[in-house]
Amino acid sequence: MSRKITEKVTWVGKIDWELKKFHGNELSTHRGSSYNSYLIRDKKTVLIDTVWKPFADEFVRNLKKEIDLNEIDYIVINHGEIDHSGALVELMREIPDTPIYCTANAVKSLKGHYHHDWNFVEVKTGDTLDIGESKLIFIEARMLHWPDSMFTYMTGENILFSNDAFGQHYASEQLFNDQVKQDELYYEAMKYYANILTPFSGFVTKKIKEVMDMGLPIDIICTSHGIIWRDNPLQIVNKYLEWADNYQENQITIIYDTMWNGTRRMAEAIAEGIRSSDDAVVVKLYNASKYDKNDIITEVFKSKAVLVGSPTINRGISFSISGILEMIKGLGFKNKKAAAFGAYGWSGEGVKVINEELKDAGFEVIDDGLRALWNPDEQALQQCGEFGQRFVRSL
Ligand SMILES: [Fe+2]
Ligand SMILES: [Fe+2]
């Protein structure tokens with residue numbers, strides 16, 4: 001059902017409480033999500049973005065209750081990804097000639113996904129569209145987070161339609177940031193940034209500065225996922241500037257996998273060593289085969305250093321550690337330190353493999369790492385404690 005945001009702007013999206021996985025299985029969404037679409041009614045009527053494909057029928061049906069589709073003068077597609085453009089095919093079947101305002105890259109992604117030659121109008125940063133009292137200003141936002149992404153700003157109402165930027169996978173029947181639990185909201189906003197936007201942090205900083213320099217007053221940020229920022233909307237912009245600037249807290253995250261508990265016992269002894277040497281630093285332990293990968297990534301995002309442990313398996317490392325290291329590498333974290341550890345039975349290559357992966361991922365490996373033969377005895381556990389102490393002191 002639709003909800004009023006301001007006199008002229010109505011939310012016409014879909015709240016998806018059932019969503020548990022997104023981007024295939026790449027991203028967990030424990031709190032569901034929403035696909036936010038907005039209808040602007042000025043002298044002209046504009047639809048901003050649509051919803052994910054499975055909800056296309058429902059979206060068009062609901063939109064028809066709100067407005068005669070033929071009254072829609074313009075469609076703005078800020079980003080071609082399926083979660084926002086997925087209802088276009090259904091919608092364009094009804095209003096095939098309606099112009100679609102989007103970036104040149106979005107024409108490519110939309111054609112690439114749907115293979116329709118719709119009435120595209122390519123826009124660039126600074127292009128405007130008069131819709132009556134208000135005007136829309138388009139701002140390309142390349143690589144935030146696709147080459148086709150853009151923001152749309154509405155004058156008069158001072159709304160920034162930011163699409164994926166500043167969003168959260170967070171289903172809520174309350175639409176606004178001041179109506180929800182702040183710890184939940186910020187956990188989801190950070191998880192979203194850590195898992196999706198980390199590789200584009202340089203673009204985030206540049207784009208925010210560019211928008212600030214345009215001097216546009218921002219009263220509301222209408223995201224494409226999760227809640228809308230209306231109470232002090234710049235709080236999330238400032239958070240993004242912080243997160244984009246090699247963010248870290250006083251935290252060390254120990255990620256490990258274990259077959260017969262040898263590497264787990266090492267991890268625990270290392271944690272104990274760290275704590276005995278520095279009890280202010282937050283130490284968290286995650287068995288990568290048991291915890292959600294995207295929650296672990298969020299913890300890595302917050303950490304100043306990580307310790308990664310795996311038993312040696314077939315001269316390599318475990319499936320879950322290999323997977324999490326691949327994710328870490330892709331995200332391109334900066335300014336973080338690391339070391340490796342692991343138990344082994346005979347050949348013992350695990351630590352070496354992890355060290356190489358960590359270096360490849362851009363971490364500063366500050367220790368050669370620690371291995372324990374078979375299941376660690378008291379002496380080996382003592383070495384683990386000392387390893388932890390040495391590690392935290394050298395940060
Ligand atoms: Fe996206
Ligand atoms: Fe999205």
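The values are calculated or read from the model by the stated rules, or taken from the named source; none is laboratory data. If you're wondering where the values come from, they're calculated on a predicted model, not measured in any experiment. In this analysis, Cβ positions are derived from the backbone assuming ideal geometry, glycine residues included, and neighbour counts consider all displayed protein chains.
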- State whether the residues of region 270-286 include one that is within 30 Å of Tyr38 (Cα to Cα), more than 16 Å from ligand 1 (Cβ to nearest atom) and either modelled with pLDDT of 95 or more or polar (S, T, N, Q) (or both). no
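Looking at region 129-140, is at least one residue assigned to a loop (DSSP other than H, G, I, E, B), out of contact with any helix residue (DSSP H, G or I) (no Cβ under 6 Å at 6 or more places or on another chain), within 16 Å of ligand 1 (Cβ to nearest atom) and more than 26 Å from Glu94 (Cα to Cα)? Reasoning before the result, please.
So in region 129-140, the residues assigned to a loop (DSSP other than H, G, I, E, B) come out as 131-134.
Next cut, out of contact with any helix residue (DSSP H, G or I) (no Cβ under 6 Å at 6 or more places or on another chain) only: 131-134.
Now restrict to residues that are within 16 Å of ligand 1 (Cβ to nearest atom): none.
The answer is no; no qualifying residue exists.
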- Unmet requirement for Arg31, which otherwise passes all of (1) within 21 Å of His145 (Cβ to Cβ); (2) at pLDDT below 95: (2)
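Inside region 11-69, can you point out the residues that are of a type in the set (S, T, N, Q) and under 30 Å from Ile324 (Cβ atoms)?
First, the residues of region 11-69 that are of a type in the set (S, T, N, Q): 25, 28-29, 33-34, 36-37, 45, 50, 62.
Within region 11-69, Asn25, Ser28, Thr29, Ser33, Ser34 meet the criteria.
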- Complete set of residues in region 171-194 that are within 16 Å of ligand 2 (Cβ to nearest atom) and crowded, with 24+ Cβ neighbours inside 10 Å: Glu188, Ala189, Lys191, Tyr192, Tyr193
- Message: Whether any residue in region 313-336 is of a type in the set (D, E, K, R), touching a residue at least 60 places away in the same chain (Cβ under 8 Å), farther than 25 Å from Ala380 by Cβ and touching a Gly at 6+ places or on another chain (Cβ under 7 Å) is what I want to check.
- Response: yes
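Given the criterion buried (at least 18 other Cβ atoms within 10 Å of the Cβ) and not assigned by TED's automatic domain parsing to the domain that holds Ile196, identify the matching residue among Ala280, Ala305. Walk me through how you get there before you give the answer.
On the way: Ala280 fails: buried (at least 18 other Cβ atoms within 10 Å of the Cβ).
Checking each option against the conditions leaves just Ala305.
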- Message: Quick check on my filter: what residues within region 1-41 are surrounded by fewer than 22 Cβ atoms within 10 Å (Cβ to Cβ) and under 17 Å from Pro99 (Cα atoms)?
- Response: Leu39, Arg41
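Checking the condition in the same structural domain as Glu173 (by TED's automatic domain parsing) and surrounded by fewer than 22 Cβ atoms within 10 Å (Cβ to Cβ), which residue from Leu129, Leu47 passes?
Working: Leu47 fails: surrounded by fewer than 22 Cβ atoms within 10 Å (Cβ to Cβ).
Matching residue, one of Leu129, Leu47: Leu129.
Checking the condition within 16 Å of ligand 2 (Cβ to nearest atom) and at pLDDT 95 or above, which residue from Ile48, Ile40, Ile72 passes? Give the derivation first.
Details: Ile40 fails: within 16 Å of ligand 2 (Cβ to nearest atom); Ile72 fails: within 16 Å of ligand 2 (Cβ to nearest atom).
Exactly one of Ile48, Ile40, Ile72 is within 16 Å of ligand 2 (Cβ to nearest atom) and at pLDDT 95 or above, namely Ile48.
Conditions tested, residue by residue: (1) under 22 Å from the mean Cα position of the chain (by Cα); (2) part of a loop (DSSP other than H, G, I, E, B); (3) of a type in the set (A, V, I, L, M).
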site: Ser322; (1), (2), (3): yes, no, no
site: Met327; (1), (2), (3): yes, no, yes
site: Trp346; (1), (2), (3): no, yes, no
site: Val351; (1), (2), (3): no, no, yes
- Message: Looking at region 141-161 only, could you name the residues that are under 23 Å from the mean Cα position of the chain (by Cα) and more than 16 Å from ligand 1 (Cβ to nearest atom)?
- Response: Tyr153, Ile159, Leu160
- If you take the residues of region 80-101 that are away from ligand 2 (no atom under 16 Å from the Cβ), closer than 16 Å to Asp57 by Cβ and among the aliphatic types (A, V, I, L, M), which of them is farthest from the chain's Cα centre (by Cα)? Ile95
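Take Lys135 and tell me if it is within 16 Å of ligand 2 (Cβ to nearest atom) and either of a type outside the set (Asp, Glu) or within 18 Å of Asn163 (Cβ to Cβ) (or both). Before the answer, list the steps.
Details: within 16 Å of ligand 2 (Cβ to nearest atom): no; either of a type outside the set (Asp, Glu) or within 18 Å of Asn163 (Cβ to Cβ) (or both): yes.
No, not satisfied.
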- Hey, any hits in region 198-208 for a residue that's among the β-branched types (Val, Ile, Thr), within 16 Å of ligand 1 (Cβ to nearest atom) and touching a residue at least 24 places away in the same chain (Cβ under 8 Å)? yes
- Can Gly388 be described as touching a Ser or Thr at 6+ places or on another chain (Cβ under 9 Å) and either surrounded by fewer than 20 Cβ atoms within 10 Å (Cβ to Cβ) or not in a loop (DSSP other than H, G, I, E, B) (or both)? yes
- Task: Scan region 114-124 and give yes if some residue there is free of Cβ contacts under 8 Å to residues at least 24 places away in the same chain and within 30 Å of Ala194 (Cα to Cα), otherwise no.
- Result: yes
- Query: In region 29-78, how many are touching a helix residue (DSSP H, G or I) at 6+ places or on another chain (Cβ under 6 Å), within 16 Å of ligand 1 (Cβ to nearest atom) and outside any loop (DSSP other than H, G, I, E, B)?
  - Reply: 2
